[in-house]
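Beneath this line is the structure, given in structure tokens, with notes to follow.
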Amino acid sequence: MQIIAFISGKGGVGKTTLAANMAVALVQRKKKVLLIDLDPQNAQKHHLSMDPDEIAGLVREGIAPTSIFESPFEVSFIPFGRVTDAELQAFETHLRQDTDWVAASIHSLDAFVFDYVLLDTPPGPSVYLHQALTAATHAIVVLLADAASFATIGHISSLVHQCTHDRPNFSGMHMLINQMPLHSKLGHQVQSALYSHYPGQMIPASVHRDPRVSQALAFERPVLQYEPGCKASLDIQYVADWLVNGLEP
Ligand SMILES: Nc1ncnc2c1ncn2[C@@H]1O[C@H](COP(=O)(O)OP(=O)(O)OP(=O)(O)O)[C@@H](O)[C@H]1O
Ligand SMILES: [Mg+2]
């Protein structure tokens with residue numbers, strides 16, 4: 001089982017979008033996939049056509065068979081859930097104390113034999129990032145091709161290192177550029193700088209900025225299902241192949 005954390009130093013880069021679409025791409029490759037929304041924004045459900053009131057989520061029910069929802073796209077899904085401020089505070093206190101709660105809970109789902117568990121996280125350092133990295137066998141840092149994303153790499157890399165350096169089952173961290181503009185000199189310069197600074201850590205493809213991605217979200221669907229032939233969908237399929245070929249023995 002591969003546990004992949006989607007993380008970023010900066011917000012709004014596309015973690016939630018890419019985690020949902022990667023889950024769908026892996027299902028299309030006949031993988032059994034569990035997607036867990038580890039972000040209090042509770043936004044992952046919008047990508048999967050899910051009724052927010054239908055489901056309790058991980059805060060109230062934990063990562064357990066009863067909290068797994070079968071989404072219309074054959075992705076098994078645990079939403080964060082809609083919670084009160086008091087519930088959120090209590091949950092975060094619990095996560096601070098029980099630092100490998102997510103890891104242990106995922107492993108207790110053994111009977112489900114998931115091939116992939118994908119974890120969506122909030123941006124920057126948080127108790128959720130810490131839990132996700134403690135559970136992960138791999139991390140994907142989502143970046144924009146801009147100076148602000150570039151500037152966050154050192155910090156996010158050291159957080160990854162802190163949480164994973166003593167675990168032999170952690171296979172490494174890769175970086176993925178999302179929302180890559182087709183015609184931007186600066187964007188291409190940043191992309192080149194990333195490839196030359198971090199040659200072994202860049203996923204060898206970027207996901208392009210594509211209006212179909214936001215349109216798909218407006219219809220509460222993954223772009224892979226909304227417009228399978230668009231540029232962003234083809235990019236995501238490429239990354240899914242890269243992931244499967246690179247991570248599976
Ligand atoms: N490749 C893309 N092309 C165009 N728009 C995109 C692309 N990827 C993401 N977006 C849009 O960017 C916005 C932010 O995406 P998303 O919510 O996935 O980011 P995030 O990293 O999860 O944000 P947060 O840090 O708040 O959790 C959304 O409106 C989404 O539709
Ligand atoms: Mg998000």
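Please treat every number below as a calculation from the coordinates, not as lab data. None of the values given here were measured: they were computed from a predicted structure. We place every Cβ from the backbone using ideal geometry, glycine too, and count neighbours over all the protein chains shown.
Data overview
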quantity: Relative counts (whole %) of C-alpha pair distances in the range 138-249, using bins that are 10 Å wide; calculated: 13, 39, 34, 13, 0
quantity: Computed over the range 46-168, Cα set: Rg, Dmax in Å; calculated: 15.6, 44
quantity: Whole-number D in µm² s⁻¹ for the range 55-125, Kirkwood Cα-pair radius fed into Stokes-Einstein, 20 °C, 1.002 mPa s; calculated: 161
quantity: Quotient of Cα Rg and 2.2 N^0.38 Å for the chain, N being how many residues it contains; calculated: 0.95
quantity: Highest-fluctuation residue, Glu70, Glu227, Glu87 considered, GNM on the chain with Cα pairs under 10 Å; calculated: Glu87
quantity: Taking Val59, Val24 and counting other C-beta atoms within 10 Å, the order from fewest to most; calculated: Val59, Val24
quantity: Volume in Å³ per residue [convex hull over Cα atoms, computed for the range 3-55]; calculated: 95
quantity: Fewest-first ranking of Leu194, Leu119, using other Cβ atoms within 10 Å as the exposure measure; calculated: Leu194, Leu119
quantity: Relative contact order %, the range 2-247, counting alpha carbon pairs below 8 Å whose residues are six or more apart; calculated: 26
quantity: Selected from Asp115, Asp39, Asp85 as most flexible by GNM, with the chain as the system and alpha-carbon contacts under 10 Å; calculated: Asp85
quantity: Radius, Kirkwood style, for the range 2-103 when every pair of distinct Cα atoms is counted (Å); calculated: 14.3
quantity: For the range 87-153, the Rg and Dmax computed from alpha carbons only, in angstrom; calculated: 14.2, 44
